[in-house]
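Working notes for the structure below.
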Amino acid sequence: SGRLSRGLLTLQVGGSALLLWIGVVALGELSIVKQLKMSFDPATVTTAELRLRKDPALKDPVAAVRFCEALEDRLNTIPGIRGAAITSAEYGVMPTGARFEFEGRETQGENQGGQIEFVSPRLLDVFGLEPLSGRMLRRGDNEDSLKVCVVNEDFVRKYFANAEPLGAQFTLQRGRDREPLELTVVGVIP
């Protein structure tokens with residue numbers, strides 16, 4: 001019984017230390033989040049996570065897009081909702097990595113990478129923001145149309161320091177097993 005009680009005591013102390021460590025890490029993360037300067041009032045935005053990967057009917061990308069469009073339309077009919085949008089961004093998770101190549105420019109260190117997210121057209125409405133120049137995405141911007149994108153101010157500073165980004169074209173390399181995408185910039189967002 002002595003060994004058992006010592007073992008249980010060791011387990012209890014170890015578990016308490018682990019919980020204390022988790023609490024300290026969580027408080028540190030929370031303080032970092034509170035220091036972030038947002039371009040919107042976070043108290044007016046509600047987020048939810050939607051996992052479509054487990055539904056066999058939504059494995060087809062076209063079916064998933066149709067489902068998301070119908071969901072977004074339905075959410076936008078709720079009284080008191082300023083706007084609803086869907087994005088692939090996850091809080092606390094790094095977005096999909098990508099590499100950008102610009103025609104007529106040497107691809108060196110400064111052009112070696114970035115991040116890309118997929119969003120529905122009403123994303124800026126949710127945050128009460130407008131494009132800084134150009135336009136936001138539209139539902140008509142799909143697989144059958146010209147491949148377009150919007151870029152943020154950081155992207156413009158990094159890749160278009162002295163050039164007009166609207167109408168610029170670049171190639172998005174998304175990994176070895178996926179075809180590169182030729183994209184045209186149609187808008188700049190905050």
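The values are calculated or read from the model by the stated rules, or taken from the named source; none is laboratory data. Since this is a predicted model, take the numbers as computed values, not measurements. Note that each Cβ is placed from the backbone with ideal geometry, even for glycine, and that neighbours are counted across all protein chains shown.
Here is how the numbers come out for the structure above:
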item: Those residues of the stretch 145-181 which are in a helix (DSSP H, G or I) and in contact (Cβ under 8 Å) with a residue 24 or more places away in the chain, in sequence order; result: Glu153, Phe155, Val156, Lys158, Tyr159
item: Residue within the stretch 119-130 that is at pLDDT 65 or above, small (Gly, Ala, Ser) and part of a loop (DSSP other than H, G, I, E, B) present; result: yes
item: Residue among Arg66, Arg53 that is among the basic types (Lys, Arg) and either at pLDDT below 80 or in a strand (DSSP E or B) (or both); result: Arg53
